[in-house]
Amino acid sequence: MKTILTAPQLAITVKRLAHQILENNPTLTDTVLIGLQPRGVFLSNRIVQEVQALVTSGSIPYGQLDITFYRDDVRKSLHIANKTDIPFSIENKRVILIDDVLYTGRTIRAALDALLDFGRPSQVSLCVLIDRRFSRELPIQPDYTGKTIDTIISQKVKVCWQERDGVDEVVLE
């Protein structure tokens, strides 16, 4: 097992991602943030908290999206559905999808399909904590990346969050 990000490094990375989002969306006008269930929500909660601390003008539209039934592998294994909570329209909005690890790209493809049930956004961007760049099966690239790593197919990236696992770290198993 190899540590990719320690707790302090993870905190700095989350802050950097929040700053990059604000750099490209300075007023957050017509911008919404959506975390992907289940694991992307831990990252998105922290990014929203950081952005909210930097911007004093009102609340940031933030939702959570479950893509369980949009996955192309839903029939191969049992998936437990999570909660989708998008209490606003995404019609003509800039949507920033947030997930923990970008691996094959299939989760993001499913998220794009699921988003269409909530309206047609003007733009969709992707923010990920870890980009496993050489594992892509679909032509999907992140717009905001915490860390890019090169892995072999047998390796797993495990993102641990204090809220769920009792520790903040990213490890390669």
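Test Ile86 against the criterion of being in contact with a Leu (Cβ under 9 Å, 6 or more places away or on another chain), at pLDDT below 95 and either crowded, with 19+ Cβ neighbours inside 10 Å or under 19 Å from Val128 (Cβ atoms) (or both), and give yes or no. So Ile86 fits the description; yes.
Note on the range 28-53: residues that are closer than 19 Å to Ala11 by Cβ and hydrophobic (A, V, I, L, M, F, W, C) amount to 8. If you filter the range 118-161 down to residues that are polar (S, T, N, Q) and farther than 21 Å from Tyr62 by Cα, you find that the one that is farthest from the chain's Cα centre (by Cα) is Ser154.
Could you check the range 141-162 and list, in sequence order, the residues that are surrounded by fewer than 17 Cβ atoms within 10 Å (Cβ to Cβ) and either closer than 20 Å to Ser125 by Cα or among the acidic types (Asp, Glu) (or both)? Correct list: Gln141, Asp143, Lys147, Thr148, Asp150. Out of curiosity, is Lys93 modelled with pLDDT of 90 or more, of a type in the set (D, E, K, R) and either surrounded by fewer than 18 Cβ atoms within 10 Å (Cβ to Cβ) or in contact with a strand residue (DSSP E or B) (Cβ under 7 Å, 6 or more places away or on another chain) (or both)? Criteria met by Lys93.
I'm trying to understand the selection: among the residues of the range 46-56, which are touching a residue at least 24 places away in the same chain (Cβ under 8 Å) and surrounded by fewer than 20 Cβ atoms within 10 Å (Cβ to Cβ)? Those that are touching a residue at least 24 places away in the same chain (Cβ under 8 Å) and surrounded by fewer than 20 Cβ atoms within 10 Å (Cβ to Cβ): Glu50, Leu54, Val55. Taken over the range 130-140, the criterion of being among the acidic types (Asp, Glu) and loosely packed, with under 15 Cβ neighbours inside 10 Å is satisfied by Glu137 alone. Remark: pairs (first residue in the range 102-123, over 21 Å from Gly146 (Cβ atoms) and hydroxyl-bearing (Ser, Thr, Tyr); second residue at pLDDT 95 or above and part of a loop (DSSP other than H, G, I, E, B); Cβ separation under 6 Å; 6+ apart in sequence or on different chains) = Ser122/Asn92. Entry remark, the range 101-120: residues being crowded, with 19+ Cβ neighbours inside 10 Å, in a helix (DSSP H, G or I) and not aliphatic (A, V, I, L, M) number 2 in total.
Listed by position, the strands (runs of 3 or more DSSP E) enclosed by the range 121-173 that each have at least 1 residues that are over 30 Å from Lys93 (Cα atoms) are 144-149, 157-160, 169-172.
The values are calculated or read from the model by the stated rules, or taken from the named source; none is laboratory data. These figures come from a predicted structure and were not determined experimentally. Methodologically, a virtual Cβ is constructed for each residue, glycine included, from the backbone with ideal geometry; neighbour enumeration extends over all protein chains shown.
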